[in-house]
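*Asks:* Take a look at this one; I'll ask things after.
Every number in this text was worked out from the coordinates using simple rules, so none of it is lab data. Everything numeric in this text was worked out from a predicted model, so none of it was measured. Heads up, the Cβs are rebuilt from the backbone with ideal geometry, glycines too, and the neighbour counts pull from every protein chain shown.
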Amino acid sequence: MIWDPEDYAKNSSAQLGWATELIGKLRLDGHEALLDVGCGDGKITAEFAKAVPRGFVLGVDSSTPFVAYARLHYPSVTYPNLRFEEMDARQLAYSRLFDIIFSNATLHWVDDPGAFLAGCARLLKPGGRLIVSCGGAGNAAGIIAVMEAQARTPRWAGYFADFTFPYFFNSPADYEQWLPKAGFFSTHTELVEKDMTHGGREGLAGWIRTTWMPYTHRIPENQREIFIAECVGAYLDQHPLDDLGRSHVRMIRLEVEAHT
């Protein structure tokens, strides 16, 4: 699966907003070393770099296009305390330790959270903090139901014959089991409901195109926009645009805070 950084940057305002909320809760004093796992296009990581001018920030992502995009748009000449590296969340390794490890909108893609947590434990200083926000149990159930229904229709079913659900929407109970096994003390685990809004049909289509590629990329490119349009139409039939022309999607975020 190949990410399109430009498209993601245009259709990820909700993720940026949620991450900004978390940044505000960290009470940074400006000298911390921070690792951002799943940095994507780098815009959130760059905000961290601004918040810790006397510290160091490393953004890592498994996507080569994302890392290239982040390096281009947030260069070290402008952000001297910021670096980007290509790295798998399940195989975290670096030459220094961190005060904080942060991950936003990433871990629902990771099939081995135990490996992620073990890597975090190795890279955190004693007393270091882990802050995670990702899709949790029940996330985006309405849009998933629509895409699953479309995938079963005669026109599209052949493209989904061997399809398996690619996301890992876990619960607080899961992390309450996994954290101590990796050497963490849990501070807070919670499912938080969020209302994601998009501007009209095009905004919703852009988000589906950007975020739900495991579904959309099953479809040949010359028919992909038809599938997306059908999903948008079916969803809005059930969840109409509001008076301001916005779509609404009920999201469930899993928030995890822990320390070593």
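*Asks:* I want to check the label-to-label distance for residue 176 and residue 72. Put each point 7 Å from Cα in the C-beta direction and report it in nm to one decimal.
*Replies:* If labels sit at residue 176 and residue 72, their model points lie 4.6 nm apart.
*Asks:* Let me ask you something else. Have a look at 99, 237, 162 and tell me which one the Gaussian network model of the chain (Cα, springs below 10 Å) gives the largest fluctuation.
*Replies:* The residue with the greatest mean-square fluctuation here is 162.
*Asks:* Which angle between 0 and 90 degrees, to the nearest 10, do you get for helix 64-73 versus the longest principal axis of the chain when only C-alpha atoms count?
*Replies:* The angle comes out at about 70 degrees.
*Asks:* Each label point is 7 Å from the Cα along the Cα-to-Cβ direction; what then is the distance between the points at residue 221 and residue 122, in nm?
*Replies:* Label at residue 221, label at residue 122, 3.8 nm between them.
*Asks:* I would also like to ask the following. Cα gyration tensor of segment 83-168, axes a ≥ b ≥ c as square roots of the eigenvalues: rounded (a/c below 1.5), prolate (a/b > b/c) or oblate? It would help to have the intermediate numbers written out before the result.
*Replies:* Details: a/c = 3.66, a/b = 2.58, b/c = 1.42.
In terms of gyration-tensor shape, prolate.
*Asks:* What are the ³J(HN,Hα) values, in whole Hz, obtained from phi via the Karplus relation 6.51 cos²θ - 1.76 cosθ + 1.60 with θ = phi - 60°, for each residue of segment 87-104 in sequence order, with x given for Gly and Pro?
*Replies:* 7, 7, 4, 8, 9, 6, 7, 7, 8, 9, 9, 10, 7, 9, 10, 10, 8, 10
*Asks:* Let me check against my output: what whole-number percent is the relative contact order of segment 5-259, with C-alpha pairs under 8 Å and at least 6 apart?
*Replies:* 20
*Asks:* Determine the dipole magnitude for the chain: charges of +1 sit on the beta-carbon of Lys and Arg, -1 on that of Asp and Glu, nothing else is charged, the reference point is the Cα centre, and the result goes in debye to the nearest 20. Before the final figure, lay out the partial values.
*Replies:* Numbers: 24 positive and 32 negative charges, 98 e Å.
The dipole of the chain has a size of about 480 debye.
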